[in-house]
1. Which three lengths, in whole Å and largest first, does segment 103-150 cover when its Cα atoms are put on their principal axes?
2. All other residues with a Cβ under 11 Å from the Cβ of ARG155 taken together, and with Lys, Arg as +1 and Asp, Glu as -1, what is their net charge?
3. Using a cut-off of 13 Å between beta-carbons, work out the net charge of the residues near ALA133 (Lys and Arg +1, Asp and Glu -1, ALA133 not included).
4. Rounded to two decimals, what ratio of Rg to Rh does segment 147-211 give with C-alpha atoms and a Kirkwood Rh?
5. What number, in nm² with one decimal, is the all-direction average of the projected area of the convex hull of the alpha-carbon atoms of segment 55-193?
6. Where a Cα-Cα gap under 28 Å defines reach, which lysines qualify for LYS74, not counting those fewer than 8 residues away within the same chain?
7. Taking amide H atoms as placed 1.01 Å from N in the peptide plane, list the residues 5 or more away in sequence, or in a different chain, whose amide H sits under 5 Å from that of VAL52.
8. For ALA167, what is the net charge nearby, where nearby means another residue's Cβ is under 9 Å from its Cβ and Lys, Arg count +1, Asp, Glu -1?
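Coordinate-derived values only; no laboratory data. Just so you know, these numbers come straight off a predicted model, no measurement behind them. Ideal geometry is used to build each Cβ from the backbone, glycine not excepted, and the neighbour counts take in all protein chains shown.
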Amino acid sequence: MSLQQRRFLLTSMAAALVAVVSLGLAADARAADAKPKPKETRYTAREGGKEVGVESVRVASGETATYASGQVKKKDSKRPFLTSFLQLDGGQRIVKYRRQLEARQGQGVFAFRHGEGLRVVTINADGKPIDWAAPGKAVVWDKDALHVVATWGDRLDPTKASVTMVALDAGTRRETSLVATRAGTRIFSGPKGGAIETSQWDIQKAGAALAKVYVDATRKVVGAEAGDRSILVAGWSWTPPAATAAPEPAEKPGADEVPAAGDEGEDDAGEGP
């Protein structure tokens, strides 16, 4: 092989290598763009009519998965009192759910895929594992972590009078059926004092009242009530404004959210029993 032929061969190989690297970088860029970006929503938590702290949740939704990572903080505390993590697959089936008190030997509950089904166990507490058969589309109901209802927005179809949902009841660790019935509207005061209209959904379990969930025009869950506990987007008020107050303009999806650092899909991918 002549010197000229060797130079031509080396030049061709270098060009091919550059092309392969460029294609790889382009693919990585497209994959990064396709990753669901988490958004954080903060809720003011009340109990017995008094403010008791803050609940926050970061939700990242994509075609193949939804991740929701939450915290409960007591008033005037910087450290979380309780944390939660929920992962759903593209079919809205539960992959894992973990809720635990942030304390030494903190108790909690953990649900995870087990074979073709779902296994739900206690954390630092007595209780035998409870197994589900192959789980279908489901939501999580957890009275100790009301912020988890932030993942319900897409299930509460405003074109329907009622919706039936299979749910993991974190308190009992069992599968249950919830019926959500659209019950008119509820007006709140927005951060600027204007009126914000939401859809009210009354949630029942076994025919008994369980909770009320409030969803705005973008199908974002902005508040919830269960017993004497409630959450509402920070800066909003449960008291509607005076009749003379002008309505606040409809916000774009995510307008009252703040960007959240990190990607729960990567941070928690290795979590397991």
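1. 33, 28, 12
2. +1
3. Neighbourhood net charge equals +1.
4. 1.03
5. Spelled out: convex hull of the Cα atoms, projected over all directions, averaged, 10.6 nm².
6. Straight-line reach from LYS74, under 28 Å: LYS37, LYS39, LYS50, LYS96, LYS143, LYS192, LYS212, LYS220.
7. Answer set, sorted by chain and number: ALA45, ARG46, GLU47.
8. -1
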